[in-house]
Amino acid sequence: MRPGIRPSLVLRVEGVEPGPQGSKKAVGRRKNGSTILVEMSKKVKPFREAVADSAKVKLGNVGPYFEQHVPVDVEVWFYLKRGKTVTREFPTTSPDLDKVMRSLGDALKTGGVVYDDAQVIDVVMKKRYATPENPVGCLVFVHEHPSAK
């Protein structure tokens with residue numbers, strides 16, 4: 001390993017449904033006239049908190065693990081709850097994969113994995129139904145991009 005390169009970081013978050021970030025609902029206006037927006041999905045906050053808490057525990061609440069401007073790659077497997085009557089093999093319904101990734105990126109920043117989620121330059125994302133081996137939640141691999149100097 002090159003001097004200064006950080007080894008891969010693996011986070012397993014279990015028991016919380018991945019929440020899509022991005023769709024917002026207007027709930028009122030501030031005194032200055034601007035609109036108050038809230039996330040449509042009630043799953044966003046618990047999911048982001050679970051990912052951030054998992055990272056903080058793993059890193060000892062010291063961050064960022066990957067310093068500012070260091071490019072990182074992320075591979076993530078999102079595991080979703082399968083409805084009782086669902087027979088299809090893959091979760092081809094909500095949440096949208098890109099919106100769940102947005103939520104994860106912000107959680108990696110909050111959890112101290114990266115200085116800013118803009119550091120993520122390559123992503124592999126997969127969405128599957130949860131199994132006993134891979135319960136509801138996500139499995140995340142983060143590592144410094146090989147071309148980083």
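Of Gly83, Gly60, which residue is modelled with pLDDT under 95, out of contact with any helix residue (DSSP H, G or I) (no Cβ under 9 Å at 6 or more places or on another chain) and at positive phi?
Being modelled with pLDDT under 95, out of contact with any helix residue (DSSP H, G or I) (no Cβ under 9 Å at 6 or more places or on another chain) and at positive phi holds for just one of Gly83, Gly60, which is Gly60.
Scanning segment 90-132 for residues that are touching a residue at least 24 places away in the same chain (Cβ under 8 Å), more than 22 Å from Pro71 (Cα to Cα) and not aliphatic (A, V, I, L, M) yields Phe90, Pro91, Ser94, Pro95, Asp96, Lys127, Arg128, Tyr129, Thr131.
Only one of the listed residues (Val114, Val100, Val123) is closer than 22 Å to Lys42 by Cα and of a type in the set (Val, Ile, Thr). That residue is Val100.
Taking the criterion of being under 19 Å from Lys58 (Cβ atoms), of a type in the set (A, V, I, L, M, F, W, C) and under 10 Å from the mean Cα position of the chain (by Cα), the residues of segment 98-139 that qualify are Leu104, Ala107, Leu108, Cys138, Leu139.
Quick check: anything in segment 88-108 of a type in the set (Ser, Thr, Tyr), modelled with pLDDT of 95 or more and in contact with a Leu (Cβ under 9 Å, 6 or more places away or on another chain)? There is no residue in segment 88-108 that is of a type in the set (Ser, Thr, Tyr), modelled with pLDDT of 95 or more and in contact with a Leu (Cβ under 9 Å, 6 or more places away or on another chain). Among the candidates Phe78, Phe66, the residue that is at pLDDT 95 or above, of a type in the set (Phe, Trp, Tyr) and either touching an Asp or Glu at 6+ places or on another chain (Cβ under 8 Å) or surrounded by 12 or more Cβ atoms within 10 Å (Cβ to Cβ) (or both) is uniquely Phe78. Would you be able to say whether some residue in segment 31-49 is modelled with pLDDT of 90 or more and at positive phi? No, the conditions are met nowhere in segment 31-49. Against the list (1) touching a residue at least 60 places away in the same chain (Cβ under 8 Å); (2) under 15 Å from Met125 (Cα atoms); (3) more than 12 Å from the chain's Cα centre (by Cα), the condition Val70 fails is (2). Only strands (runs of 3 or more DSSP E) whose full extent lies in segment 4-98 are considered here, and the ones with at least 3 residues that are within 29 Å of His143 (Cα to Cα) are 9-14, 72-80. With respect to Glu144, is the statement that it is in contact (Cβ under 8 Å) with a residue 60 or more places away in the chain, in contact with a Leu (Cβ under 9 Å, 6 or more places away or on another chain) and acidic (Asp, Glu) true? It is false that Glu144 is in contact (Cβ under 8 Å) with a residue 60 or more places away in the chain, in contact with a Leu (Cβ under 9 Å, 6 or more places away or on another chain) and acidic (Asp, Glu). With respect to the stated conditions, Thr87 fails to be under 18 Å from Pro18 (Cα atoms), free of Cβ contacts under 8 Å to residues at least 40 places away in the same chain and exposed (fewer than 14 other Cβ atoms within 10 Å of the Cβ). The residue that is farthest from Arg48 (Cα to Cα), among those in segment 113-149 that are small (Gly, Ala, Ser) and at pLDDT 95 or above, is Ala130.
The values are calculated or read from the model by the stated rules, or taken from the named source; none is laboratory data. Note that the coordinates shown come from a computational prediction; the quantities given were computed from them, not determined experimentally. Neighbour counts are summed over all protein chains in view; Cβ atoms, including those assigned to glycine, are modelled from backbone coordinates with ideal geometry.
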